[in-house]
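Colleague: Could you have a look at this structure, given as structure tokens, before my questions?
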Amino acid sequence: AGIGLAAGVRFHFRGTQGLVVYMARGTTDINKLKSETNEQYLLSATDVIGSIVCLRNPRRDCLAERRQAREATRRRLRNKMLAVIRIGGPILREMLKREYDEGIVPVLYEDTPSSNISSSMDSRRSAYSLASFQKKTLSIKKRIIMAARKWKGANNDPPPPFSNVEALWTFAGCFLTILMLLYFSDFINEQNSQYSLVLGPFGALVTLQYSLTSAPASQPRNVILGQAISISIALCMTYTRLEANIRRSLGTALCVSLMARLGVTHPPAGDAALIFTGGGYTWVHMGIMLAGNVLAIISAAGINNFNVKRQYPTSWGFGYWIKYVCPRKGSKKGD
């Protein structure tokens with residue numbers, strides 16, 4: 001390992017003894033190692049290292065003592081609380097009387113052996129309920145103030161603009177992909193005039209694929225699974241008898257929240273959910289939409305990867321759920 005020389009220096013502090021070993025390369029000048037300044041430096045360093053080693057045991061004992069003190073305090077508090085709970089009556093009666101005398105509980109209290117402890121308990125609960133209500137009201141006020149402050153923003157810098165070359169690359173990718181999808185839609189319509197590609201979500205899709213290439217929402221896993229989940233839920237919502245606006249709002253909210261829960265958030269899929277919950281679409285349209293998304297993924301991979309500064313996709317991710325549900329031996333679930 002290149003170590004040719006070694007020297008040991010002993011230390012002794014408050015009953016703690018040890019040896020510090022210093023090593024050097026074999027090619028080191030021996031005269032420099034034996035110089036007075038270097039020897040003094042090594043002796044001083046040994047004193048520092050020895051004092052640290054000596055401090056280790058007292059420090060451990062001090063921490064153990066503090067832990068014992070905390071545990072003893074916890075036990076005392078626990079015993080006091082149990083005593084109050086078990087003894088209960090006389091202590092609680094005296095406590096309520098003292099609180100009444102101090103004006104904490106605004107109720108009448110009869111200082112007689114036959115005093116109604118239950119009415120005092122009810123009064124105490126009422127006081128605590130009022131305090132709890134005031135605390136919640138204060139919490140709501142704090143939340144309103146906090147929300148108002150957040151409107152100012154976090155003062156983060158906006159993302160940098162694309163260069164002319166990158167903007168031109170984005171233009172070419174969007175143009176070619178949308179053109180291909182339009183021809184694909186025309187081809188489907190020629191085969192059967194009842195069907196065509198729903199083009200609305202694809203404007204958002206090409207924006208993600210060519211402007212936010214590395215974003216998780218742009219990756220194939222989110223594209224395919226997000227669209228499949230959203231369109232499936234949207235089509236199922238059309239079988240309900242809900243009023244149109246309620247159906248479209250509820251269907252879109254379900255799709256977006258479920259995508260977020262499953263980790264496959266994809267903004268164009270939320271657009272598709274809003275469109276499909278309006279009715280007039282069938283499961284065949286869903287198949288056409290998924291085929292269009294596959295074509296868009298192939299197009300984006302081909303165009304983006306010709307650019308040395310881009311890579312698409314950054315992750316396919318379709319095996320993530322399989323790895324999570326069926327982890328390999330020796331690995332934790334989800335690793």
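The values are calculated or read from the model by the stated rules, or taken from the named source; none is laboratory data. On a predicted model such as this, the values are computed, not experimentally measured, just so you know. Glycine also receives a Cβ, built like all others from the backbone with ideal geometry; neighbour counts cover every protein chain displayed. When the accessible area is computed, the model is the full protein with side chains, heavy atoms only, and any ligands, DNA or RNA have been set aside. Shrake-Rupley method; radii C 1.70, N 1.55, O 1.52, S 1.80 Å.
Colleague: When both residues are 6+ apart or on different chains and their Cβ atoms are under 9 Å apart, which pairs have a first residue that lies in the range 193-221 and is closer than 20 Å to Tyr183 by Cα, and a second that is among the polar types (S, T, N, Q) and not in a helix (DSSP H, G or I)?
Modeller: From residues that are closer than 20 Å to Tyr183 by Cα, the pairs are Gln194/Thr282; Tyr195/Thr282.
Colleague: Moving on. For a quick check of your reading of the model, give me the residue pairs whose first member lies in the range 261-289 and is modelled with pLDDT under 95 and of a type in the set (S, T, N, Q), whose second is surrounded by fewer than 21 Cβ atoms within 10 Å (Cβ to Cβ) and not in a helix (DSSP H, G or I), with beta-carbon atoms closer than 7 Å and at least 6 apart or on different chains.
Modeller: Thr277/Thr238
Colleague: Restricting to the range 229-260, and then to whatever is of a type in the set (Gly, Ala, Ser) and either open to solvent by 50 Å² or more (accessible area, probe 1.4 Å) or in contact (Cβ under 8 Å) with a residue 40 or more places away in the chain (or both), can you tell me which residue is farthest from Ser218 (Cα to Cα)? Walk me through how you get there before you give the answer.
Modeller: Residues of the range 229-260 that are of a type in the set (Gly, Ala, Ser), as a first pass: 230, 232, 234, 244, 249, 251, 253, 257, 260.
Still in the list and also either open to solvent by 50 Å² or more (accessible area, probe 1.4 Å) or in contact (Cβ under 8 Å) with a residue 40 or more places away in the chain (or both): 230, 232, 234, 249, 253, 257, 260.
Details: Ser230: 16, Ser232: 20, Ala234: 21, Ser249: 24, Ala253: 20, Ser257: 18, Ala260: 14 Å.
Filtering the range 229-260 for residues that are of a type in the set (Gly, Ala, Ser) and either open to solvent by 50 Å² or more (accessible area, probe 1.4 Å) or in contact (Cβ under 8 Å) with a residue 40 or more places away in the chain (or both), the one farthest from Ser218 (Cα to Cα) comes out as Ser249.
Colleague: Would you pick out the residues in the range 1-45 that are open to solvent by 50 Å² or more (accessible area, probe 1.4 Å), in a strand (DSSP E or B) and β-branched (Val, Ile, Thr)?
Modeller: Ile3, Val21
Colleague: Further, regarding this structure: Out of (1) more than 15 Å from Val284 (Cα to Cα); (2) part of a loop (DSSP other than H, G, I, E, B); (3) of a type in the set (A, V, I, L, M, F, W, C), what's the single condition that is false for Val198?
Modeller: Condition (1) is where Val198 drops out.
Colleague: Please find, within the range 177-206, the residue that is nearest to Ala296 (Cα to Cα) out of those that are over 37 Å from the mean Cα position of the chain (by Cα) and of a type in the set (A, V, I, L, M).
Modeller: Going residue by residue through the range 177-206, those that are over 37 Å from the mean Cα position of the chain (by Cα) are 179-180, 182-196.
This time we only want the ones that are of a type in the set (A, V, I, L, M), so: 179-180, 182, 188.
Details: Leu179: 11, Met180: 9, Leu182: 11, Ile188: 16 Å.
The selected residue is Met180.
A quick yes/no check of all residues on (1) hydroxyl-bearing (Ser, Thr, Tyr); (2) open to solvent by less than 100 Å² (accessible area, probe 1.4 Å); (3) in a helix (DSSP H, G or I); (4) modelled with pLDDT of 75 or more:
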site	(1), (2), (3), (4)
Arg125	no, no, yes, no
Ala131	no, yes, yes, no
Lys136	no, no, yes, no
Lys141	no, no, yes, no
Ile145	no, yes, yes, yes
Asn155	no, no, no, yes
Pro158	no, no, no, yes
Ala167	no, yes, yes, yes
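Colleague: For the range 205-223, which residues satisfy the criterion of being open to solvent by 40 Å² or more (accessible area, probe 1.4 Å) and either assigned to a helix (DSSP H, G or I) or polar (S, T, N, Q) (or both)? Can you show your working first?
Modeller: Filtering the range 205-223 for residues open to solvent by 40 Å² or more (accessible area, probe 1.4 Å) gives 207, 211-212, 214, 216.
The answer is Thr207, Ser211, Ser214, Pro216.
Colleague: Between residues in the range 22-40 that are touching a residue at least 12 places away in the same chain (Cβ under 8 Å) and residues that are open to solvent by less than 70 Å² (accessible area, probe 1.4 Å) and in a loop (DSSP other than H, G, I, E, B), which pairs lie under 8 Å by C-beta distance while being six or more apart or on different chains?
Modeller: Between residues of the range 22-40 that are touching a residue at least 12 places away in the same chain (Cβ under 8 Å) and residues that are open to solvent by less than 70 Å² (accessible area, probe 1.4 Å) and in a loop (DSSP other than H, G, I, E, B), the close pairs are Arg25/Gly2; Gly26/Gly2.
Colleague: Does the range 182-199 hold any residues that are of a type in the set (S, T, N, Q) and surrounded by fewer than 16 Cβ atoms within 10 Å (Cβ to Cβ), and which are they? Give the steps one after another, and end with the answer.
Modeller: Of the residues in the range 182-199, the ones of a type in the set (S, T, N, Q) are 185, 189, 191-194, 196.
Within the range 182-199, Asn189, Gln191, Asn192, Ser193, Gln194 meet the criteria.
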